[in-house]
Amino acid sequence: MQTRALGDTGHESTIATFGAIALNWLEQEGANQMVEHVLSKGVNHFDVAPTYGDAELKLGPKLRQHREDIFLGCKTQERGYEGAKRKLDRSFDRLGVDYIDLYQVHGLEYESELDEITADDGALAAFREAKDEGKIGHIGLTSHGNPGLIRDAIDRIDDLETLMFPLNPVVVGKGDDEHDYEGVFEAAEKAGIGTLGIKAFARGPWPDTDDLPEADRPFANWYEPVDAPDEIAERFDFAAARGLTSVVTPGDPKLVAMVLDAATRYNGMDETAQRSLIERLRHDESPVPEQLHH
C-alpha cells in the first residue's frame, strides 16, 4: 500500500488509516482477526478513542503483539488539563501500552472549546507535558464540522502536527464557507500538518424516519455509507487524489475489507473524474452536521 508523509512528523502513513471503532462491534476473536487482516494489507496507521465503546480493549492484544508495526493515534474529548491527563492514563491502561504516537483533541466544535484547550490549564498543557515525558509522540486535532474553527486552531496551536476532518465529493461540491474543508486542507499543507480524512464514504445522513430506528440500521456508521465495491473505490480514489495524507476506514466492520482493497489498488484519479463526481453529488444532503454555534 502506498505511503505519504504525515506532515512534518517524520512518519510515513499508509494512504488508508484503520478506524478502530470497527472493533467495538466484534467479539475479541473477530477483533483479533480484523487487526491481522488490516496489517496483512500493509496498513501502518491506526486510530482509536475512548468514546468508541470497547475498541481500545479489543485493539489491545494485537496492538501489543505488533506494536512496532503500528503508528497509534488516540484522542480525548476532555478540554481541561486534569481531565485530559486522566483520560490519557486510562487509554494507556485499556490499550496496555506506555506510548501513543499521536494524541489528538477529539471532535472540536465550538470556539469556546478552542479557548479552553489552549488555556494554561487546558488539555494541550497535558498533551505537551506527556510529550516532554516521552509518553506521546505528536499532537493532533479532529473535527467533524466548522472549517473556520479548524483554521483558527491551525493559527493558534503552534505545535499542531495532524488534523482529521471530513472530505468527500458531497462536501467539496457545496462550495460554501460551512463546507470549506479544501481551505482547511490548503492551510494544513502550508503549515506542514498531516491530514486524515473522515466521512470519505458517507452517502448522507441516515433518513430521519420512524421506520429505521438506530438498532435496525444495516451499518454501524454515524451516516449512511456507500456500500458497493465500485462506489467505495471511487470514494477512496477521490479522497486520496485530493491530497490527504491518509483516508480513515469507516466504522462498520463489514465495509473495512472493501476499503482496504480499494486502498491497495489506488492509482490516482484524474481531475475530470473528480469534477464529474463532484457534479453528480453536489446536490446530495451533506453528511457533515450543520455548523453549531454557542
(request) State which residue is least open to solvent (accessible area, probe 1.4 Å) when the search covers only segment 132-166 and only residues that are in a helix (DSSP H, G or I) and free of Cβ contacts under 8 Å to residues at least 12 places away in the same chain. (result) Asp155
(request) Go through segment 167-179 and give me each residue that's part of a loop (DSSP other than H, G, I, E, B) and surrounded by fewer than 19 Cβ atoms within 10 Å (Cβ to Cβ). (result) Gly175, Asp176
(request) With the condition kept exactly as written, say whether any residue in segment 95-115 is assigned to a helix (DSSP H, G or I), within 17 Å of Leu63 (Cβ to Cβ) and not aromatic (Phe, Trp, Tyr). (result) yes
(message) I'm told Arg265 meets every condition in (1) over 18 Å from the mean Cα position of the chain (by Cα); (2) modelled with pLDDT under 85 except one. Can you identify the failing condition by its number?
(response) (2)
(message) Exactly one condition in (1) open to solvent by 20 Å² or more (accessible area, probe 1.4 Å); (2) over 15 Å from the mean Cα position of the chain (by Cα); (3) under 25 Å from His179 (Cα atoms); (4) touching a residue at least 12 places away in the same chain (Cβ under 8 Å) is false for Gln77; which is it?
(response) (2)
(message) Quick check on segment 203-220. Is at least one of its residues modelled with pLDDT of 95 or more and in a loop (DSSP other than H, G, I, E, B)?
(response) no
(request) Determine if segment 257-278 includes at least one residue that is closer than 22 Å to Asn24 by Cα, touching a strand residue (DSSP E or B) at 6+ places or on another chain (Cβ under 7 Å) and open to solvent by 10 Å² or more (accessible area, probe 1.4 Å). (result) no
(request) Please work out which residue is surrounded by the most Cβ atoms within 10 Å (Cβ to Cβ), limiting yourself to segment 225-252 and to residues that are free of Cβ contacts under 8 Å to residues at least 40 places away in the same chain and touching a strand residue (DSSP E or B) at 6+ places or on another chain (Cβ under 9 Å). (result) Pro225
(request) Specify which of the listed residues (Lys58, Lys62) is open to solvent by 10 Å² or more (accessible area, probe 1.4 Å), under 25 Å from Ser143 (Cα atoms) and of a type in the set (D, E, K, R). (result) Lys58
(request) Check whether at least one residue in segment 12-31 is aliphatic (A, V, I, L, M), in contact with a strand residue (DSSP E or B) (Cβ under 9 Å, 6 or more places away or on another chain), in a helix (DSSP H, G or I) and over 23 Å from Asp237 (Cα atoms), and report yes or no. (result) no
(message) Suppose we filter segment 5-51 for residues that are surrounded by fewer than 24 Cβ atoms within 10 Å (Cβ to Cβ), under 17 Å from Leu163 (Cβ atoms) and touching a helix residue (DSSP H, G or I) at 6+ places or on another chain (Cβ under 9 Å); how many remain?
(response) 3
(request) Could you identify the single residue in Thr76, Thr14 that is in contact with a Phe, Trp or Tyr (Cβ under 8 Å, 6 or more places away or on another chain) and modelled with pLDDT of 95 or more? (result) Thr76
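The values are calculated or read from the model by the stated rules, or taken from the named source; none is laboratory data. Values in this document were obtained by computation on a predicted structure and should not be read as measured data. For neighbour counting, all protein chains shown are included, and Cβ atoms are generated from backbone atoms with ideal geometry for every residue, glycine included. Note: areas computed on protein heavy atoms with side chains; ligands, DNA, RNA excluded. Shrake-Rupley method; radii C 1.70, N 1.55, O 1.52, S 1.80 Å.
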